[in-house]
Number of protein chains: 2
Amino acid sequence: MLDTTPQTYTRADEAFDCLQTAIVKGDLVPGDKIGELDLCSRFELTRGPLREALGRLESRGLLVRRPHAGVRVVSLSTTELVELYRIREIMEGLAARQAAERMTDQEIADLQATLDAHETMIDEAHGQAYYQAEGDYDFHHRIATGSRNAKLAQMLLGDLYYMVRMYRYRLSTSAGRPHRALGEHRRIVEAIAQRDGELAEFLMKRHINAARKNIEKKIQEGVLTI
Amino acid sequence: MLDTTPQTYTRADEAFDCLQTAIVKGDLVPGDKIGELDLCSRFELTRGPLREALGRLESRGLLVRRPHAGVRVVSLSTTELVELYRIREIMEGLAARQAAERMTDQEIADLQATLDAHETMIDEAHGQAYYQAEGDYDFHHRIATGSRNAKLAQMLLGDLYYMVRMYRYRLSTSAGRPHRALGEHRRIVEAIAQRDGELAEFLMKRHINAARKNIEKKIQEGVLTI
DNA sequence: CCAGCATAGTTTGTCGACAATATGGGCTTG
DNA sequence: CAAGCCCATATTGTCGACAAACTATGCTGG
């Protein structure tokens with residue numbers, strides 16, 4: 001009885017994944033009402049597991065639900081989106097600090113390899129914001145798990161990232177930003193490799209702060225309308 | 001259509017509240033398995049709403065669920081409990097900063113009144129750790145909501161506090177700590193009243209840091225065994 | 001012509017029963 | 001006598017139907 005891997009994928013889990021990806025990909029647009037039986041027919045499942053999944057999504061803040069009145073995808077205001085980045089800033093800062101203290105050498109090497117792959121991706125598909133976003137997500141994902149702080153990783157990966165990604169596809173990254181972001185990533189990894197948690201935290205916070213300011217600028221320019 | 005208050009309390013919400021309070025109060029002990037129909041008979045409801053509530057609780061990390069194998073209350077290791085306080089430290093620090101910037105004068109006055117009431121509570125029931133805990137909770141609750149950062153408040157009030165409270169009733173506060181904590185609270189509110197966000201953040205972080213160290217000390221002394 | 005209300009329709013909340021799967025006990029076998 | 005296997009049981013996952021509540025349409029009255 002060493003590896004207990006019953007690993008039964010329940011329909012509710014399936015429904016949860018389907019809905020979450022549908023929301024992130026933008027198939028389910030924020031704001032408009034979505035009926036339960038519409039979702040049932042779309043994802044080939046019954047209302048029981050679906051409702052369970054809806055409850056979970058609501059609890060995570062991706063859906064808002066009013067009794068007897070249906071469920072709709074949460075639509076963040078511009079200020080709420082900015083507030084989200086304020087939270088990211090401190091939480092990812094902590095993650096970077098703890099990652100610097102706790103990541104294995106192997107994990108750090110992998111992380112550096114990831115950045116190399118990321119660089120070629122940017123060079124090849126110059127302007128392709130999608131790959132940039134995925135690479136960026138991968139980077140932050142590894143640091144969150146590398147922190148060895150289960151609750152922190154859960155909050156980042158389970159709550160915040162999905163909300164950020166949900167709005168990211170609209171935020172076409174500005175011209176030279178991918179390269180600049182990559183440089184920032186590189187410096188963060190350097191700090192982690194040197195086991196300098198304090199510096200890693202500082203750099204990560206500044207990195208996310210830059211992203212936040214970038215969004216705020218776009219909002220003020222009127223480029224971004226939510 | 002000014003105040004849309006249908007506010008229908010659904011059975012699932014009821015189940016959610018019942019379970020959450022039962023977990024926090026310690027009626028449901030961490031670790032041991034709890035059957036669904038046991039819960040149904042205990043709270044007078046059917047399995048449908050119950051399962052929905054279970055999904056929500058699981059999503060929030062208070063329950064851990066294995067398919068076909070039942071559900072059990074999460075049991076934190078000592079390191080996980082300490083990690084929780086690391087997260088609290090930064091998040092409540094941010095909350096204090098934003099509260100200093102955004103709370104209304106009225107809210108600040110109420111907060112000060114709360115501290116006064118809290119002081120008399122401590123004097124009257126000296127040693128009664130329960131009231132201390134509730135007053136402490138009230139204080140942090142007000143600051144979280146006062147931050148005007150919806151997501152931040154949701155994460156603090158919805159996720160972290162319940163987990164902390166779940167373990168708090170075992171952590172009998174040490175002798176002189178209530179008075180010291182009250183003093184720390186006072187200084188935080190002072191900083192908020194002066195609209196000094198930076199100072200408020202610093203003081204709040206130090207306040208929670210002290211609480212964390214207090215717990216770590218007890219763990220090392222062997223007083224606290226989870 | 002507009003405002004307010006009653007009603008019909010649709011959607012959600014809830015319930016009970018059926019099917020699938022993990023746990024525990026007894027048995028067989030080395 | 002111990003270890004591994006098999007089966008029975010109980011619990012969980014899933015489904016379809018009924019009841020309650022909100023939304024929207026049409027009507028009446030001012």
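Right, B:GLY127: modelled with pLDDT of 90 or more and out of contact with any Lys or Arg (no Cβ under 7 Å at 6 or more places or on another chain) or not?
The answer is no for B:GLY127.
Would you be able to tell me the number of residues in segment B:185-213 that are over 17 Å from the mean Cα position of the chain (by Cα) and either closer than 15 Å to B:ARG88 by Cβ or open to solvent by 30 Å² or more (accessible area, probe 1.4 Å) (or both)?
Residues flagged as over 17 Å from the mean Cα position of the chain (by Cα) and either closer than 15 Å to B:ARG88 by Cβ or open to solvent by 30 Å² or more (accessible area, probe 1.4 Å) (or both) within segment B:185-213 amount to 15.
Filter segment A:66-83 down to residues that are within 12 Å of DNA strand C (Cβ to nearest atom) and under 30 Å from A:GLY222 (Cα atoms) and give me whichever is farthest from the chain's Cα centre (by Cα).
Going through the qualifying residues, I end up with A:VAL71.
List the number of the failed condition for A:ALA100; all other conditions in (1) over 30 Å from B:ARG11 (Cα atoms); (2) within 16 Å of DNA strand D (Cβ to nearest atom) hold.
Failed condition: (2).
What about A:GLN106, is it under 30 Å from B:ILE87 (Cα atoms) and either modelled with pLDDT under 90 or open to solvent by 70 Å² or more (accessible area, probe 1.4 Å) (or both)?
Numbers: under 30 Å from B:ILE87 (Cα atoms): yes; either modelled with pLDDT under 90 or open to solvent by 70 Å² or more (accessible area, probe 1.4 Å) (or both): yes.
Judged against the criteria, A:GLN106 is a match.
Is it true that A:LEU156 is within 30 Å of B:GLU101 (Cβ to Cβ) and at pLDDT below 95?
no
Just one of (1) away from DNA strand D (no atom under 16 Å from the Cβ); (2) under 19 Å from A:TYR161 (Cα atoms) trips up A:VAL64, so point out which.
(1)
Report the residue count in segment A:20-52 for those that are within 23 Å of the chain's Cα centre (by Cα) and either more than 12 Å from DNA strand C (Cβ to nearest atom) or surrounded by fewer than 14 Cβ atoms within 10 Å (Cβ to Cβ) (or both).
Counting residues in segment A:20-52 that are within 23 Å of the chain's Cα centre (by Cα) and either more than 12 Å from DNA strand C (Cβ to nearest atom) or surrounded by fewer than 14 Cβ atoms within 10 Å (Cβ to Cβ) (or both) gives 13.
Determine whether A:ARG88 is charged (D, E, K, R), touching a helix residue (DSSP H, G or I) at 6+ places or on another chain (Cβ under 7 Å) and more than 13 Å from DNA strand C (Cβ to nearest atom).
On the way: charged (D, E, K, R): yes; touching a helix residue (DSSP H, G or I) at 6+ places or on another chain (Cβ under 7 Å): yes; more than 13 Å from DNA strand C (Cβ to nearest atom): yes.
It is true that A:ARG88 is charged (D, E, K, R), touching a helix residue (DSSP H, G or I) at 6+ places or on another chain (Cβ under 7 Å) and more than 13 Å from DNA strand C (Cβ to nearest atom).
Give segment A:131-166 a look and list any residue that's over 19 Å from B:GLU80 (Cα atoms) and over 10 Å from the mean Cα position of the chain (by Cα), or say none.
If the condition is that a residue be over 19 Å from B:GLU80 (Cα atoms) and over 10 Å from the mean Cα position of the chain (by Cα), then A:TYR131, A:GLN132, A:GLY135, A:PHE139, A:ARG142 are the ones that fit.
Does A:ARG142 qualify as being at pLDDT 95 or above and either at positive phi or away from chain B (no Cβ under 13 Å) (or both)?
When the stated conditions are applied, A:ARG142 passes them.
Please find, within segment B:53-83, the residue that is most open to solvent (accessible area, probe 1.4 Å) out of those that are facing chain A (nearest Cβ under 10 Å) and in a loop (DSSP other than H, G, I, E, B).
B:HIS68
Only one of A:ALA95, A:ALA99, A:ALA113, A:ALA150 is surrounded by fewer than 16 Cβ atoms within 10 Å (Cβ to Cβ), at negative phi and at pLDDT 90 or above. Can you tell me which?
A:ALA113
The values are calculated or read from the model by the stated rules, or taken from the named source; none is laboratory data. No experiment lies behind these values; they were computed from the predicted model shown. Note that we place each Cβ from the backbone using ideal geometry, even for glycine, and neighbour counts take in every protein chain shown. Ligands, DNA and RNA are stripped out before the accessible areas are found, and what is left, the full protein with its side chains, is counted by its heavy atoms. Shrake-Rupley method; radii C 1.70, N 1.55, O 1.52, S 1.80 Å.
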